[in-house]
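Heads up: the structure comes next, in structure tokens.
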Amino acid sequence: MKQKKWVSIILAIMLLPCMPITIYANSSWHWLTKTNPFDVLPYAVILTLLIEYVTIKRANSITRSLRLFIVICLANVASFLLPYAILLMPSDVGYTFEMSIRNLPKYIVGSGYLFLTLIAEVPVVYISLKKFITNKKRFLMTIIIVNAVTTIMVAIIERVICKGSW
């Protein structure tokens, strides 16, 4: 029991440098680059669709190509639009949707986005195509892994292309 306590304390101390402690009060965020995460969205969607389609098709030997493509497109529309649905809600400071996109320090893709993607895409793709699949476990794992990989890839691209500062 004491050993678990010490391991937890050491792990917490090691992770401390990863946690930002800087506080920016009464300042404004601005993007340093001409592009912001919303501008990257169309390219991210195309790249994600291509990678997911090819990976799921090849890993599971799916013969219904058009059906797979349509299902993946619909599932991705849902997962890409979910984060923006929050921005559509009226804000306390009176930001419009466009003002929120252009001025808030928000990278769209992060750990919460991965969670939303898995909730939105996995059931849609799995339920829509499971009757055409022989190995359902591999199919499910392929969907989860390819979505995790593409989400991480888009998050990295977003942070490399779009830079901002307080």
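Run down the aspartates and glutamates and flag those whose C-alpha is under 20 Å from the C-alpha of LYS130, throwing out any fewer than 8 positions away in its chain.
Correct list for LYS130: GLU52, GLU121.
Ranked highest first by the average count of other Cβ atoms within 10 Å around their residues, in what order do 45-53, 60-68 fall?
45-53, 60-68
Of PHE80, PHE69, PHE139, how do they rank once you tally other Cβ atoms within 10 Å and put the fewest first?
Fewest-to-most Cβ neighbours within 10 Å comes out as PHE69, PHE139, PHE80.
Lys and Arg at +1, Asp and Glu at -1: add these up for the other residues within a Cβ distance under 14 Å of ILE161 and post the number. Please report the intermediate quantities before stating the final value.
Details: positive: LYS34, ARG159, LYS163; negative: ASP39, GLU158.
Within the 14 Å Cβ shell, the charges total +1.
Under a 5 Å amide H to amide H cut-off, with H placed in plane at 1.01 Å, what residues pair with GLY164 once short-range neighbours are removed?
Amide H neighbours of GLY164: LEU32.
No value in this document is a laboratory result; all are computed from the given coordinates. On a predicted model such as this, the values are computed, not experimentally measured, just so you know. Cβ sites come from the backbone with ideal geometry, for glycine too, and all protein chains shown count toward neighbours.
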